[in-house]
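Encoded as structure tokens, the structure appears first; notes follow it.
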Amino acid sequence: MFGRLLMFFITIPVIELFLFLTVGEWIGLPATLAIVLLTGFLGAYLTKSQGLRVLNRYRQSLSAGRLPHQEVMEGLLILVAGAMLLTPGFLTDTLGFLLLTPPVRAAVVHRLKDSLKGRVQLVVPGMAASPPAQGPAAPRSVSDGKVIDVEVVED
């Protein structure tokens, strides 16, 4: 995991630097800087507007008594998109703008749901817990369903 993160934090800036130099050579320094500033301001505006939409849907889900898992995941993706758009660079701006488009965000959320399925177990107070999933990704229970009644005694 550490090796992947290290490669990520080395590779992305190198790609961004290459893109800055290439685009700057092609269209000139003032136009390159203008594009970077424009994408920063536009990205901040779009992040705010998309974030407010998801926040409203989050509130509607809560008031309707539904779990807002979809809205939470979309909100996290919008946060990541905003961070990418505020980071100067053409690659990060492209990825950030892609994450701000609802169809791309929906596809990423769907993929995240598929990868998290079987790894996360939801237990709502007042409801019986569902039986754990079977297979290699099945969560392991320490108590194996046994309830131990304890009492705390303070000295």
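Each reported figure results from applying straightforward, stated rules to the coordinates on display, with no laboratory input. Computed from a predicted structure; not experimentally measured. Neighbour counts run over all protein chains shown; Cβ positions are idealised from the backbone, glycine included.
Placing +1 on the Cβ of every Lys and Arg and -1 on the Cβ of every Asp and Glu, with nothing else charged, gives segment 1-115 a dipole about its Cα centre of roughly 560 debye. Considering only Ala34, Val14, Leu100, and ranking their Cα positions along the charge dipole of segment 1-105 that arises from unit charges at the beta-carbon of Lys, Arg, Asp and Glu, the one farthest toward the positive end is Leu100. Counted residue by residue at 0.36 nm each, then reduced by the alpha carbon distance between them, the extension gain from Leu76 to His110 reaches 10.9 nm. Per-residue packing, averaged as other Cβ atoms within 10 Å, sorts the ranges 92-102, 25-35 into the order 92-102, 25-35, beginning with the highest. Applying 1/(1 + (r/R0)^6) with r as the Cβ-Cβ distance of Thr11 and Arg57 and R0 = 35 angstrom yields a FRET efficiency of 0.50.
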